[in-house]
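Below is one structure, written out as structure tokens, with a few remarks after it.
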Amino acid sequence: MRPIRRNSKQRSRIYNLIKDSLEHPTAQWIYNQIRKEFSKVSMGNVYRNINILVEDGLIKSRDFGDGIVHFDAVTNLHYHFICNECNRITDSSLPIQDEITKMAQKETKNTITSHTIQFFGICEKCKKG
């Protein structure tokens, strides 16, 4: 049984920062933003609150291959586009391709529960710039 957690203003603000960001923020970005409102907050406190949000299923941690953990308030399975120029990460609205999971499971004989797809290229903003 999960412990009952006291509601925290900092945790609530961290969640809202992640939820309102379209760019899959990092802990460092979150820390820089929240310090504007909670000047005495520590990086350790930010990490503890992020871990609680992950444990509670409110956010997901994501690895996009850049060596930095990003956070996402969209917790359902979805795909991402990563710009090769500005490194911006955006969600894709493409429907989930369940057939890929079935094909991979058939080929490998493993039990596959999900998959992820990341598209790479140059975003519209960078193409224009």
Query raised in the report: For the stretch 20-46, what are the residues that are surrounded by 15 or more Cβ atoms within 10 Å (Cβ to Cβ) and either in a helix (DSSP H, G or I) or assigned by TED's automatic domain parsing to the domain that holds residue 86 (or both)?
Result: 27, 29, 30, 31, 33, 34, 45, 46
Report task. Output the residues belonging to the stretch 1-19 that are among the charged types (D, E, K, R), farther than 15 Å from residue 75 by Cβ and part of a helix (DSSP H, G or I). Result -> 9, 11, 13
Requested in this report: Inspect the stretch 54-70 for any residue being assigned to a helix (DSSP H, G or I) and of a type outside the set (S, T, N, Q) and give the result as yes or no.
Outcome: yes
Query raised in the report: Checking residue 14 against (1) surrounded by 12 or more Cβ atoms within 10 Å (Cβ to Cβ); (2) within 29 Å of residue 112 (Cα to Cα); (3) β-branched (Val, Ile, Thr), which single condition isn't satisfied?
Result: (2)
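The values are calculated or read from the model by the stated rules, or taken from the named source; none is laboratory data. Predicted, not measured: the structure shown is a model, and the values here were computed from it. Glycine also receives a Cβ, built like all others from the backbone with ideal geometry; neighbour counts cover every protein chain displayed.
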